[in-house]
1. What would the Debye equation give as log₁₀ I(q)/I(0) for the range 199-416 at q = 0.08, 0.16, 0.17 Å⁻¹, counting only Cα atoms as equal point scatterers?
2. Taking the Cα centre of the range 214-336 as origin, work out the dipole magnitude from +1 charges on Lys and Arg Cβ and -1 charges on Asp and Glu Cβ, in debye rounded to 20.
3. For the ranges 256-266, 355-365, 385-395, what's the packing order if you count other beta-carbon atoms within 10 Å of each residue, average per peptide, and put the highest first?
4. Please tell me which of these pairs span more than 25 angstrom C-alpha to C-alpha: Lys247/Lys267; Lys276/Lys316; Lys232/Lys276; Lys247/Lys316; Lys291/Lys316?
Amino acid sequence: MGALRQLSGLFLLTASAFTVAIALQDHPALRHGVEDTAGFTKVHGIEAAVALNQYMIQPGWKFTRAESVALGRKIASEFSPAPKQVAQVLPAPAIPRPIPRPEMRVAKAVPPAPVMQKPAPQVAMLPPPAPVTAPDLRASVPEASTPTPPQSQPAPAPQVAMALPPKPTMELAPQATTPAAQAPGVTPENASPVPNLPAPSPAELVRVEQRLKDSLTSEMLANFDLFLYVSKADNGPWSQHMFVFQKQASGDLVLFNSWPVSTGREKIEFNAAGAKLPSFTPAGYYELDAKRFYPHYRSMQWNEPMPYAMFFNWVKDGNQTGLAIHAASGGDIAMLGNRASAGCVRLPPEAARQLFTLIKTQYRGLAPRFAMDRRTGTMSNDGILLHDASGKVQLAQGYKVLVFIENYGGENVVAALF
């Protein structure tokens with residue numbers, strides 16, 4: 001843009017000069033007047049320039065140079081004393097600084113010794129009251145806070161040794177997980193006596209074994225080693241009983257034990273929180289979930305204890321169910337032999353502990369899996385096992401235990417004859 005403007009100005013100036021030249025050429029009188037004017041300007045212009053330089057420019061330049069020199073000296077004089085003042089201020093505070101330093105060091109060196117000595121007698125004062133054994137220490141813990149006067153220093157060593165014995169008393173969880181004679185002390189066996197119900201006769205046991213065999217497929221009998229037959233019937237000689245059979249090397253089933261149980265109340269009920277829940281025990285074939293074996297458990301839906309809980313590996317409508325075999329507790333023990341649970345299979349506490357121990361220690365291994373209906377998201381409880389493309393039963397790590405529940409209490413043979 002700047003070059004364009006200069007070019008435009010030059011063009012206008014040239015055009016103007018050209019126009020003036022044409023006008024002067026066409027008008028001789030005007031040309032003579034311009035020449036006279038130019039001559040006058042030339043003579044008097046030089047005189048004016050000389051006078052301007054002599055009376056205006058030179059005096060102004062001298063004045064400006066003198067003032068600038070004076071101003072520079074004034075500025076230099078203003079800034080030159082500042083370093084001298086700073087140098088004078090710095091040494092003044094530097095003198096008192098070394099004085100407090102030795103005082104601070106002395107003050108810091110003195111306190112550490114008494115501070116480290118004071119806690120020592122406080123720790124030593126705690127142990128003296130009980131220099132005997134672990135039981136005596138626990139009994140005398142409340143008295144240890146009052147008698148501070150004794151100052152026996154050898155006592156701290158016993159205190160460190162005596163602080164360890166309380167740990168064995170905290171090992172209650174291993175007692176529940178280790179199935180031995182320790183477990184009955186943890187279970188609520190003494191809360192209510194187990195009802196003295198008549199055991200099935202030998203003839204009834206033979207019939208139970210035969211019915212179980214008739215209910216099993218050849219694949220079930222070949223792939224499971226422990227069979228739990230549960231009658232959820234409300235009446236009959238087998239009603240509300242569990243029969244446990246062990247498979248022998250020959251393939252025969254031998255009764256391990258039988259106990260009274262409590263299955264579901266078979267109704268829709270409300271829990272303590274007001275939620276509407278079913279209390280049914282569904283009949284069918286079930287496996288146990290190896291990942292859900294708990295010596296101590298509490299139902300979240302019913303807020304009830306479930307000792308020695310062994311949950312079923314059964315999915316219904318896409319959700320893992322909460323059905324399980326577990327011990328009865330409290331007043332529920334007296335209800336064994338009747339429909340009294342929220343859907344689980346309750347056992348006497350000692351029976352639940354014994355079965356829990358037996359399964360965990362002897363029956364872990366490869367077990368078949370039940371088929372899944374993908375449309376409903378429900379696992380089969382009709383005994384349909386899962387097979388691969390070649391037709392073999394699919395196996396997975398778990399427990400080789402099959403639970404069979406049915407609503408059959410055993411027929412009264414004598415009454416059936418008449």
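All of the numbers you see were taken from the coordinates with simple rules; none came from a lab. Fair warning: this is a prediction, and the values are worked out from it, not measured in the lab. Because the Cβ atoms are built from the backbone with ideal geometry, glycine has one as well, and the counts that use them run over all protein chains shown.
1. For the range 199-416 at q = 0.08, 0.16, 0.17 Å⁻¹, log10 I(q)/I(0) is -0.27, -1.14, -1.29.
2. So the magnitude is around 360 debye.
3. 256-266, 355-365, 385-395
4. Beyond 25 Å: Lys247/Lys267; Lys247/Lys316.
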